[in-house]
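The values are calculated or read from the model by the stated rules, or taken from the named source; none is laboratory data. Predicted, not measured: the structure shown is a model, and the values here were computed from it. Heads up, the Cβs are rebuilt from the backbone with ideal geometry, glycines too, and the neighbour counts pull from every protein chain shown. Note: accessible area is taken over every heavy atom of the protein model, side chains too, but ligands, DNA and RNA are not part of it. Shrake-Rupley method; radii C 1.70, N 1.55, O 1.52, S 1.80 Å.
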Amino acid sequence: MATESILNDRQTLWNPGNFFRIVLRGIGQVMFQGHAGTGILFLLGIAFASPLMGVGALIGALIGPVTATLARFDGEEIEEGLHGFNPTLVGIASLFYLKPEPLTWVLLIVGCVASTFLTFVMRQYVKFPTYTAPFVLVTWVVMIVAHAMAGTAIDVMPASAANTPSGFVTAVLAGAAEVMFGATVLTGMLFLAGIALCTWRHAVLGLLGSIVGTLVALYHNDPSPAVHLGIYGYNAVLAPIAVYLWGKSLLIAILAAMISVPLTEFFPSWLGIPALTAPFVVASWIIIAVGQIDALFLREPVEKLS
């Protein structure tokens with residue numbers, strides 16, 4: 001009976017209609033939303049910012065569940081899109097940082113497969129939620145390998161600072177868009193609309209997070225072009241939603257957004273590597289760790305019976 005159940009699960013996963021929904025849920029899970037409609041809006045937002053990155057996102061979103069299904073990972077997790085969001089981000093990041101050359105496409109595919117397996121391993125053995133840590137680690141390795149094999153000539157040239165949009169509202173929406181490497185107002189609006197389609201509270205938290213992140217960056221006198229590109233907003237979008245899923249508190253969610261900003265400053269300036277979503281992951285882990293310490297500290301001693 002157990003074998004028959006597993007086979008039925010695999011047949012369901014390979015059903016074209018269901019598989020399409022799983023792929024879209026994987027894209028939606030980048031911002032914790034396991035909703036196919038959210039995935040569609042996210043994919044539209046990515047493609048609007050960059051059609052090429054849209055292709056990368058779709059490749060990653062396809063590779064993740066296919067790899068997980070062939071490797072016989074948990075069927076329910078595959079259905080929810082939990083093995084799709086890290087490969088989606090790897091696919092986008094590869095084409096954001098590297099020119100679309102043969103080496104890039106090979107590294108993209110290998111990176112998407114690797115992030116799927118790393119997601120599985122980390123979910124098994126890491127006590128905290130792993131979030132996008134597999135994407136961060138794999139993308140750092142992809143960039144190291146790309147530079148070792150092709151040098152910096154394979155890098156995509158960054159946009160000119162003269163072309164950077166300005167304005168507080170623009171910066172806030174760019175913060176939402178930068179979660180998936182976009183920096184346009186429409187992309188940010190599509191992302192927030194996609195979140196709201198699944199959970200309106202998460203959309204509010206994401207918007208508040210980007211506002212807080214942008215304000216903290218301005219207070220820290222961070223570089224104006226980076227602020228207006230949303231560089232200090234996107235981790236602040238993700239951290240409040242992640243922490244809110246762990247414990248329902250608006251204040252703690254906002255605190256997570258604030259913590260993510262100095263971490264976003266730290267990774268490139270002190271470690272010399274792109275921050276990616278590492279600041280959001282670390283900020284969320286800090287909040288969860290403090291929460292666990294708090295629970296131990298406040299635990300009342302058990303009174304002994306006389």
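Annotations for the structure displayed:
- Sites residue 293 and residue 169, calculated FRET efficiency, Cβ-Cβ separation with R0 45 Å, nearest 0.05: 0.75
- When the chain is treated as a Gaussian network with alpha carbon springs shorter than 10 Å, the biggest mean-square fluctuation among 59, 154, 241 belongs to 154.
- Most mobile of 61, 150, 236 in a GNM of the chain (Cα contacts under 10 Å): 150
- Global geometry of segment 137-282, whether rounded, prolate or oblate, following the gyration tensor of its Cα atoms and the 1.5 cut on a/c: prolate
- The chain, accessible area per residue, ligands and nucleic acids excluded (1.4 Å, Å²): 48
- Between 38, 199, 184, the Gaussian network model of the chain with springs among Cα atoms under 10 angstrom shows the greatest mean-square fluctuation at 199.
- Taking a ≥ b ≥ c as the square roots of the eigenvalues of the Cα gyration tensor, segment 27-128 is classed as oblate, since a/c reaches at least 1.5 and a/b does not exceed b/c.
- For segment 190-263: rounded, prolate or oblate by the Cα gyration tensor [a/c cutoff 1.5]: oblate
- Net charge over other residues, Cβ less than 14 angstrom from the Cβ of residue 142 (K, R count +1; D, E count -1): -1
- Förster radius 25 Å - calculated FRET efficiency between residue 40 and residue 72, Cβ distance, rounded to 0.05: 0.30
- Burial order of peptide ranges 46-55, 288-297 (average beta-carbon count within 10 Å, highest first): 46-55, 288-297
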